[in-house]
Amino acid sequence: MDPIPVTVLTGFLGAGKTTLLNRILTEKHGLKLAVIENEFGEVGVDHQLLVTGDEELLEMNNGCICCSVRGDLIRILGRLLKRKDRLDGVLIETTGLANPGPVAQTFFTDEEMRASYKLDAIVSVVDAKHVSAHLDADDESVKQIAFADVILLNKIDLITDADATALEERIRKINSVARIYRTKDCSLPLDKVLGVGGFNLSRAAELDPKFLEPEFPFEWAGAYELPAGSHAIAIGHAPGEDHEGHDHGGDGHDHHHHHGNENELDVAILPWESAAEPAREEEEAVKVFSEWEAKLKAGDTAEPGSRLYRLLLDEGCGRFKLQVSKPGRYLVFEQNGEAPLHIEVAGDTVKPSWQKDYHAAHEHNDAVTSVGISQPGTLDGKRLNDWIGTLLRTKGGDIYRMKGVLSVKESGKRLVFQGVHMLFDAKFDREWGSEPRQNTLVFIGKNLDRAALTDAFEACLVD
Amino acid sequence: MELKKHWAARLDDYAIDLAWSPDGRFLAAASSAGPISLFQAADGLRSHDLPGHGQGTNIIAWAPPGNLLLASGGQDGAVKFWDAGSGQHAGTAELATDWVEHLAWRPTPGSGNSSPVLAAAAGRKLALLRPDASLAHAFPDAPKTVSALAWQNTPPPRSGEPVPAPALAASHFGAVRLFDADSFALRKELAYANGVNALAWSPDGRWLVSGNQDPSVHLWIPAEDDELQMSGYESKVKHLSFDPTSRWLATAGGRDACVWDCSGPGPEGREPAMLAHETPVSALAFQNTHGLLATASHGGEVHLWSPERRQPLRATARLPDAVTKLAWSPDDRMLAFGSEKGVIYVLKCDA
């Protein structure tokens with residue numbers, strides 16, 4: 001028998017959670033649902049309210065709070081199975097302040113829970129007008145965003161379109177994979193909330209396309225046609241300058257992350273000889289950026305080649321010589337896409353003939369973020385198991401959600417898994433068939449080290 | 001040995017509990033939706049349909065011999081008492097707002113007090129009730145929800161010492177508390193750092209056993225401050241039963257019923273008898289005064305075993321539906337089963 005889907009509903013008081021709950025309880029959807037109203041400790045089956053015990057945290061694993069589950073839920077859910085007509089779904093409302101972790105983890109605890117129930121989705125209702133202030137002020141609302149599979153930006157009518165777009169962008173930085181809906185009075189088709197089939201990574205089209213792009217150690221590159229000779233690299237704005245050239249300063253985005261020392265800027269200059277997109281050059285630049293840097297003081301000379309230069313600046317400004325011996329097209333890779341960079345030939349600023357922004361890898365950011373990995377290939381089941389086991393044991397506290405669809409050597413079926421903190425569940429679902437075997441893996445949490453996660457993942461690939 | 005169909009009857013919902021009256025005349029069966037039916041043991045005719053608990057019944061328990069009184073606990077937080085002879089409601093104790101999930105009658109009368117007493121747990125509350133539904137004692141609230149109850153029959157005799165009152169064991173996540181049956185005082189708290197799903201005393205009162213979430217079985221000899229842990233179960237252990245001699249302890253957490261030899265120093269270092277089912281075991285019980293063990297599964301298989309034999313399997317039957325509960329009649333000649341679809345099956349066990 002198929003497991004009963006469970007929807008966990010989170011949201012702060014006043015966000016509109018009760019509105020959504022009332023809609024689910026009163027609308028004719030034809031589903032036999034049990035609603036567990038956590039705040040009041042009540043369970044309603046077929047619209048009948050039943051009283052249950054109070055919130056009870058059970059620490060499953062030697063007092064480790066990351067592994068705690070809700071004892072009251074285990075009992076309630078156990079009792080809900082004891083009926084002739086199976087339920088079509090269970091909805092659990094959590095309090096505004098409750099960390100949804102222990103509620104969600106309850107579904108990974110024991111055989112009975114795993115066999116009988118599946119976590120369909122964590123749905124967070126947020127007050128579009130006030131959530132930004134909450135996100136600035138407290139970790140709990142960040143967590144609610146991070147844990148969610150579905151986010152309702154409710155009361156959307158109270159903010160402008162521009163604010164809504166900015167808010168979505170901010171939410172995406174925390175959780176790149178949740179489905180976001182803008183709603184007024186939580187009005188949306190209930191199939192967006194109930195029975196959404198959890199997180200289906202195969203519907204990759206729903207993901208933020210940037211999210212699955214590879215990350216680079218640089219944020220920008222520009223191509224310049226350079227004659228042989230001695231040119232200049234100018235960083236920063238000279239007073240009265242007309243901002244020609246590469247300058248992202250006016251794009252209106254806030255940049256919350258700070259890329260190290262503002263008086264240092266890493267650059268590399270590589271020849272771009274082929275007519276094709278500079279994929280090979282990008283690859284080379286990634287290598288260059290992982291090398292030891294050569295420090296250049298103002299007035300020092302840089303040359304094209306596989307060499308990483310660290311430009312030392314004074315209050316964000318500096319001029320450096322660029323010595324070119326062979327004329328041609330060159331790519332200048334810049335670590336921080338925000339720093340104004342100009343190339344001057346014979347005293348004149350030249351415009352780049354081509355430029356590109358890169359999705360940058362941020363080193364060890366303590367904010368809550370998402371890391372996505374998407375690669376073709378097949379994984380070694382044992383290595384994968386060892387890696388995930390160790391990862392969750394050591395980093396489970398920081399990893400709020402982990403979800404994936406993987407291809408393992410041992411099976412022709414897709415391995416679909418999801419986890420909350422240290423507890424996770426993995427099941428084979430359907431055959432890959434003719435579909436290309438693509439591994440997609442997402443982590444949402446704090447202190448995520450993308451490079452380390454990607455390396456460890458790649459080490460599990462069968463050659 | 002053979003299991004023969006005796007009678008069957010249908011409830012309105014999932015059979016959540018069943019119990020034979022101590023005189024063997026009635027089988028009471030509760031549906032999870034609430035109603036409780038009293039069937040005549042001899043022919044399965046319905047004697048009475050009791051309304052039970054409107055929001056759902058969780059558990060039923062017959063008072064000790066001499067009283068034809070049935071207690072029930074429900075999701076309404078109440079314990080109700082029913083006169084089985086007349087089929088009348090005899091009283092209600094409003095215990096809590098939490099579900100009443102555990103009921104246990106004290107098996108032996110207390111000193112100077114022959115009225116039976118019922119231990120009832122709802123959430124963190126634990127109370128003793130009299131048959132007229134009045135409160136005999138309210139214990140201090142447990143730190144977490146009470147997860148199982150078990151009365152000790154009689155404490156094991158100790159030379160040169162007066163026999164103490166038996167104990168009531170009540171578990172919560174983290175510990176099992178032992179209360180004195182007469183003074184109600186907390187006698188001991190046995191720490192256990194995980195969830196306890198079931199408790200059982202050996203009939204001789206020596207062993208106290210818990211079936212655990214972790215998944216394991218823990219055994220205590222409370223009088224000797226001794227304890228043992230038996231692990232290796234497939235999943236959480238919810239089912240425990242001692243044979244009447246106190247030697248064999250049947251346990252189940254997963255597809256095997258695992259029977260431990262508790263004679264002498266206990267099961268540590270001994271190989272258990274592994275009695276296999278194709279699907280997870282959902283109920284098991286030793287006979288009341290004989291040595292057969294009945295086990296039943298989610299797949300509806302029923303097996304009878306003599307665990308001490310080299311070929312332990314004695315008889316098999318298959319029910320069409322997942323078994324939720326089983327119970328031996330007091331004379332050990334009939335076996336009643338409840339099912340997920342709400343059917344009660346009574347089989348005769350012919351030697």
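Between B:ALA283 and B:ALA296, the built amide H atoms are under 5 Å apart, and every one of these is 5 or more places off in sequence or on another chain.
Cross-link partners for A:LYS326 among the lysines, with Cα-Cα distance under 22 Å and sequence neighbours closer than 8 places in the same chain left out: A:LYS351.
With a simple spin-label model that places each label point 7 Å from the Cα along the Cα-to-Cβ direction, the separation between A:GLU410 and A:LYS184 comes to 5.3 nm. A simple charge model with +1 on the Cβ of Lys and Arg, -1 on the Cβ of Asp and Glu and nothing else charged puts the dipole of segment A:369-459 at about 160 debye relative to its Cα centre. Which residues make up the longest stretch of chain B that has no GluC sites (Glu not before Pro) in a DSSP loop with at most 16 other Cβ atoms within 10 Å? In short, B:1-233.
Report the extension gain between B:SER115 and B:ASN288 in nm, rounded to one decimal, defined as 0.36 nm multiplied by the number of residues separating them, less their alpha carbon distance.
Here the answer is 59.9 nm.
Shown in residue order for segment B:225-230 are the 3J(HN,Hα) couplings computed by the Karplus curve 6.51 cos²θ - 1.76 cosθ + 1.60 at θ = phi - 60°: 6, 10, 8, 9, 10, 10 Hz (x for Gly and Pro). Note on A:ALA166 and B:THR316: with the Förster distance fixed at 51 Å, the Cβ-Cβ geometry gives a FRET efficiency of about 0.15. Couplings 3J(HN,Hα) for segment B:88-99, derived from phi with the Karplus relation 6.51 cos²θ - 1.76 cosθ + 1.60 (θ = phi - 60°), are 9, 5, 10, x, 9, 10, 7, 8, 6, 8, 7, 4 Hz, where x marks Gly and Pro. Think of segment A:294-345 as a dipole: +1 on every Lys or Arg Cβ, -1 on every Asp or Glu Cβ, centred on the Cα centre; then among A:GLY316, A:VAL345, A:SER306, A:SER306 lies furthest on the positive end.
For A:ARG401, the amide hydrogen comes within under 5 Å of the amide hydrogens of A:HIS421, A:ILE444, counting only partners 5 or more places away or on other chains and with H modelled in the peptide plane.
Under 5 Å from the amide H of B:ASP17 lie the amide H atoms of B:ALA30, each residue being 5 or more positions distant or on a separate chain, with H modelled from the backbone and absent for Pro and chain starts.
Among A:ARG172, A:ARG79, which comes first, then next, by fewest other beta-carbon atoms within 10 Å?
Numbers: A:ARG172 18, A:ARG79 21.
Starting with the residue having the fewest Cβ neighbours, the order is A:ARG172, A:ARG79.
Counting only Cβ charges, +1 for Lys and Arg and -1 for Asp and Glu, the dipole size of the protein assembly as shown around its Cα centre is about 3400 debye. Per-residue Cβ neighbour counts within 10 Å put A:ASP157, A:ASP136, B:ASP180 in the sequence A:ASP136, A:ASP157, B:ASP180, beginning with the fewest.
Between A:SER306 and A:GLU140, what is the FRET efficiency for a Förster distance of 45 Å, r being their Cβ-Cβ separation, to the nearest 0.05?
0.40
When the pairs B:LYS325/B:LYS348; A:LYS82/A:LYS427; A:LYS17/B:LYS236; B:LYS80/B:LYS238 are compared against a 28 Å limit on Cα-Cα distance, A:LYS17/B:LYS236 fall above it.
Measuring r between the beta carbons of A:ALA115 and A:ASP357 and using R0 = 60 Å, the FRET efficiency lands at 0.80. Which shape class, rounded, prolate or oblate, goes with segment B:245-308 when its Cα gyration tensor gives a ≥ b ≥ c as root eigenvalues, a/c under 1.5 marks rounded, and past that a/b bigger than b/c marks prolate? It is oblate, given that a/c is not under 1.5 and a/b is not larger than b/c.
What is the ratio of the Cα radius of gyration of the protein assembly as shown to 2.2 N^0.38 Å, where N is its residue count, to two decimals?
Ratio of Rg to 2.2 N^0.38 Å for the protein assembly as shown: 1.21.
You can think of it this way: the chain between A:ARG437 and A:ASN385 has 16.9 nm of extra reach, that is 0.36 nm per residue less the Cα-Cα gap.
Label-to-label distance for A:ALA276 and B:ALA8 is 7.1 nm, based on points extended 7 Å past Cα in the beta-carbon direction.
Legend: ranking of residues A:THR349, A:THR160, B:THR57, A:THR369 from fewest to most surrounding C-beta atoms inside 10 Å; resulting order A:THR160, A:THR349, A:THR369, B:THR57. Placing pseudo-labels 7 Å out from each Cα toward the beta carbon at B:GLU308 and B:ASN153 gives an inter-label distance of 1.5 nm.
Both numbers refer to the Cα atoms of segment B:147-202; Rg and Dmax are 12.0, 37 Å. Loop-located chymotrypsin sites (Phe, Trp or Tyr not before Pro) across segment B:27-135 with a Cβ neighbour count of 13 or fewer within 10 Å are lacking, with loop assigned by DSSP. Dipole of the protein assembly as shown computed with +1 at Lys/Arg Cβ and -1 at Asp/Glu Cβ about the Cα centre; of B:TRP328, A:LEU80, B:GLY300, farthest Cα towards the positive end is B:TRP328. Using the Kirkwood radius over C-alpha pairs as Rh, can you work out the diffusion coefficient of segment A:369-459 via Stokes-Einstein at 25 °C, viscosity 0.890 mPa s, in µm² per second? Taking Rh from Cα pairs, D becomes 186 µm²/s.
Dividing the mean sequence gap of close Cα pairs (under 8 Å, 6+ apart) by how many residues segment A:369-459 holds gives a relative contact order of 39 percent. Available extension along the chain between A:ASP157 and A:LEU25 is 45.1 nm, counting 0.36 nm per residue and deducting the alpha carbon span. For segment A:340-346, putting each phi into the Karplus relation 6.51 cos²θ - 1.76 cosθ + 1.60 with θ = phi - 60° gives couplings of x, 10, 10, 9, 10, 10, 6 Hz, in residue order, rounded to whole numbers and with x for Gly and Pro.
Averaging the sequence gap over all C-alpha pairs within less than 8 Å and six or more residues apart, then dividing by the number of residues, gives chain B a relative contact order of 14 percent. Here, chain B yields an orientationally averaged convex hull projection of 16.3 nm² when only Cα atoms define the hull.
Since every read-out is calculated from the coordinates, none of them should be taken as a lab result. All values derive from a computational prediction rather than experimental measurement. Heads up, the Cβs are rebuilt from the backbone with ideal geometry, glycines too, and the neighbour counts pull from every protein chain shown.
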